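Data first, discussion second: the structure below is written as structure tokens.
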Amino acid sequence: MRVAWWEEAVFYQIYPRSFKDSNGDGIGDLPGITEKLDYLAELGIDALWISPVFPSPMRDFGYDVADYRGIDPIFGDAGDFAALMREAKKRGIKIVMDLVANHSSDEHPWFTEARASRESPKHDWYIWVPETGAPPNNWKAVFELGSAWHPNPGTGERYLGTFTRHQPEFDWRNPELRSAFYDIMKYWYDLGVDGFRLDVATAYMKDPELRSNPFSFRAIPDFFQKHLHDRNHRDFHAVFREMRQVADESPALDPASSSPGERVLIAEPYGEDAELAASCLGVAGDELHLAFNFEFLKQPWEAQGFRASAERWYALLPKGGWPNFTLGNHDKPRSAWRYRSRKPGITEARAKLTAAMLLTLKGTPFLYYGEEIGMTCQRLPKAALRDPLGIATWPLGFLGRDPERTPMQWSGASDGGFGSPSPWLPMNPDWKTRNVEAQEADPGSLLSWYRSLTKLRREEAELRHGEIRFVDSEGEILAYERLGERPDDKILVYLNFSSRRIRIGIGKELRVLLGSHRAPGSLVAAGAAELGPCEALIAR
Ligand code: NOJ
């Protein structure tokens with residue numbers, strides 16, 4: 001059985017501004033990431049997804065790119081990127097870049113040229129309508145809460161920008177634009193990157209007739225619109241197939257093991273439903289490799305809800321499609337905060353439980369930086385806000401994304417070990433007690449638990465690519481088996497979502513591989529057993 005590296009890998013998302021600042025300017029950078037590679041290796045990380053580091057005016061903190069081949073000086077330079085690649089490879093860590101190809105910055109030279117004249121060769125790389133007084137439809141700029149059509153007096157037109165006016169959208173129906181992006185992808189493949197996370201990939205194509213979206217009752221995150229026409233137009237399949245071909249034709253990274261699937265393409269669908277995510281993989285195995293299913297990010301704390309969500313995801317995937325799971329990213333409140341309890345001990349125990357679930361379900365796990373130490377969110381004062389969405393929606397709590405982007409908490413030092421006394425966003429006030437240094441010294445910490453889980457995944461093939469079979473269990477228990485090649489090879493996972501003890505029935509004696517409440521190697525006798533509050537038990 002051939003297994004692609006990205007099916008087995010544990011991914012870790014770095015939001016580079018907030019990871020580690022090597023030069024004291026308040027903003028994390030590439031040398032900062034390089035400095036922490038040993039930490040990441042120790043954590044059992046196989047691949048990094050790094051949020052955009054391209055030159056950018058930072059109106060959306062890198063999701064507004066002004067040069068797709070460069071590195072923003074805030075993060076370092078080409079030499080720093082090469083050093084990061086080299087050091088990461090030495091440790092067996094792959095690097096996935098974040099390609100923001102739905103839109104550029106309004107300061108990208110392409111757009112400067114496009115907006116100067118209707119005759120400019122780059123004009124049709126973007127989406128325009130004639131200025132007739134009113135916008136042509138009801139599409140919204142979601143970070144500005146106003147129309148997505150922004151006037152360009154120079155040409156007497158409006159251009160489309162569904163995020164901010166500083167993020168004009170490309171016309172992916174234009175063949176020249178498409179090949180320009182494939183060249184950009186080849187450029188980074190030639191430098192040895194292992195793949196791309198594709199920002200709002202399902203938004204590349206819009207309704208050719210630019211029809212208005214119908215009304216929806218959902219205010220958040222849909223702005224009272226059913227987004228039928230401004231995003232997720234299924235013509236994206238043609239682009240995905242072309243991107244896949246470029247990836248498959250890229251030079252082998254390791255000539256000794258040249259095989260397709262070496263480079264990975266990961267879609268960020270523009271929507272929260274698993275069906276849209278599954279569609280990014282196509283049906284013939286010739287589109288994207290992975291796509292984020294964001295259902296866990298809105299899943300309430302219910303064992304059976306997680307089970308139903310995972311089963312739905314598995315069922316929706318096309319034949320040969322591979323699932324993935326994530327609990328957090330730079331756009332959504334952190335999982336430790338979402339699943340907090342009034343009792344701090346339970347919040348901590350729940351973080352261990354979700355970690356065990358993430359790392360033992362069938363699918364590629366994606367961790368978000370700081371999740372491994374249980375970083376949480378705090379409400380920030382207006383003056384501290386940086387995110388355009390947070391500023392536009394203030395004082396509505398937690399619609400903005402700054403709370404989940406605070407600096408990584410490395411130590412209890414006055415700068416939290418981040419590297420600057422006044423970082424671009426304030427440290428979360430709990431950094432003095434919740435930090436890497438403190439948790440490294442504590443075998444019972446969340447960080448130690450994550451390390452044990454990734455280690456177990458590396459040791460046990462069933463956890464990486466075995467089939468999954470859910471075990472019928474009582475309401476607050478989530479239980480499943482990961483199956484090996486032979487009928488007797490199987491690992492059992494029991495997760496108690498309740499804060500009280502719960503009795504379960506065990507078919508045959510089990511040997512503990514890893515447990516939040518039990519020592520590895522200890523035995524659980526057949527018959528009735530009791531799981532402690534929020535206990536995670538992984539056994540054979
Ligand atoms: C999705 C990214 O995750 C988000 O951070 C960004 O603001 C938008 N796409 C626009 O690029």
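Distance from the alpha carbon centroid of segment 213-227 to that of segment 421-438 works out to 37 angstrom. Note on segment 18-107: Cα-only Rg and Dmax are 13.1, 41 Å.
Ranking of Cys377, Cys534 by neighbouring Cβ atoms within 10 Å, starting from the fewest: Cys377, Cys534. About its Cα centre, the dipole of the chain is roughly 1660 debye, where the only charges are +1 on Lys and Arg Cβ and -1 on Asp and Glu Cβ. Helical content alone sets the calculated 222 nm signal of the chain at -7000 deg cm²/dmol, taking -39,500 (n - 2.57) per DSSP H segment of four or more residues and averaging over every residue. Think of the chain as having a plus end and a minus end, set by charges on the Cβ of Lys, Arg, Asp and Glu; of His233, Ile373, His166, Ile373 sits farthest toward the positive end of this dipole. Listed values for segment 162-172 are Karplus-derived 3J(HN,Hα) couplings in whole Hz (6.51 cos²θ - 1.76 cosθ + 1.60, θ = phi - 60°), namely 7, 9, 10, 5, 8, 10, x, 9, 6, 9, 6, and x replaces Gly and Pro. Straight-line reach from Lys490: taking Cα to Cα under 17 Å and skipping same-chain neighbours fewer than 8 places apart, the aspartates and glutamates in range are Glu459, Glu460, Glu462, Glu467, Asp472, Glu481, Glu509. Taken about its Cα centre, segment 465-539 carries a charge dipole of roughly 200 debye when the Cβ of each Lys and Arg holds +1 and the Cβ of each Asp and Glu holds -1. Figure legend: label point modelled 7 angstrom from the Cα of Arg173 along Cα→Cβ; residues of segment 113-151 with amide N under 15 Å from it are 124-130. When both bridge partners sit in the chain, DSSP labels roughly 60% of those beta bridges antiparallel.
The C-alpha atoms of the chain define a longest principal axis, and helix 236-248 lies at about 70 degrees to it. Annotation: for a label point projected 7 angstrom from Cα along Cα→Cβ of Asp489, residues of segment 507-540 with backbone N closer than 15 Å are 540.
For the chain, the relative contact order comes to 12 percent (Cα pairs under 8 Å, sequence separation of at least 6). Contact order for segment 465-539, expressed relative to its length and based on alpha carbon pairs under 8 Å spaced 6+ residues apart, stands at 29 percent. Close amide H pairs (under 5 Å, H built 1.01 Å from N) link Val264 with Gly195, Phe196, residues at least 5 positions away or on another chain.
Charged side chains reduced to their Cβ positions (Lys and Arg at +1, Asp and Glu at -1) give segment 237-352 a dipole of some 940 debye around its Cα centre. In this calculation the C-beta distance from Leu396 to Glu87 is compared with R0 = 56 Å, giving a FRET efficiency of 0.85. You can think of it this way: the chain between Arg342 and Ala383 has 11.9 nm of extra reach, that is 0.36 nm per residue less the Cα-Cα gap. Around the amide H of Glu535, modelled in the peptide plane, lie the amide H atoms of Asn496, all under 5 Å away and 5 or more residues distant in sequence or on another chain. Karplus-derived 3J(HN,Hα) values for segment 272-283, using 6.51 cos²θ - 1.76 cosθ + 1.60 with θ = phi - 60°, are 9, 8, 5, 5, 4, 4, 4, 5, 5, 7, x, 10 Hz; glycine and proline are entered as x.
When the P(r) is computed for the chain, the part past 44 Å accounts for 15% of the Cα-Cα pairs. Each residue of segment 194-205 was assigned a 3J(HN,Hα) from its phi angle through the Karplus expression (A = 6.51, B = -1.76, C = 1.60, θ = phi - 60°), giving 8, x, 9, 9, 9, 4, 5, 4, 7, 8, 3, 9 Hz with x at Gly and Pro. Over 31 Å apart at the Cα level, from the set Lys36/Lys226; Lys186/Lys206; Lys298/Lys343; Lys90/Lys206, are Lys36/Lys226; Lys90/Lys206.
When only alpha carbons are used to place a centre, segment 1-33 and segment 307-377 end up 18 Å from one another. Annotation: amide H of Gly146 within the under-5 Å range of Ala141, sequence separation 5 or more or interchain, hydrogens built in the peptide plane. Projected label points at Thr433 and Glu131, each 7 Å from Cα along the beta carbon direction, are separated by 5.8 nanometres. Radius of gyration over Kirkwood radius for segment 95-180, both on Cα atoms: the Rg/Rh ratio is 0.97. Between 0 and 90 degrees, the angle of helix 175-190 with respect to the longest Cα principal axis of the chain falls at about 50 degrees.
Within a Cβ distance under 12 Å of Arg211, other residues only, what is the Lys/Arg minus Asp/Glu net charge? It works out to a net charge of -1. Backbone N atoms of segment 1-34 closer than 18 Å to the 7 Å Cα→Cβ label point of Glu459 belong to residues 10. Roughly how tilted is helix 78-90, in degrees to the nearest 10 and between 0 and 90, from the longest Cα axis of the chain? Rounded to the nearest ten degrees, it is 20. Placing unit charges on each Cβ (+1 for Lys and Arg, -1 for Asp and Glu) gives the chain a dipole about its Cα centre, and among Gly28, Ala351, Phe111 the Cα reaching farthest toward its positive end belongs to Ala351.
Read-outs throughout are calculated quantities, based only on the coordinates presented, and are distinct from any laboratory measurement. Keep in mind it's a predicted model, so treat the numbers as computed, not measured. Cβ atoms come from the backbone with ideal geometry, glycine included; neighbour counts cover every protein chain shown.
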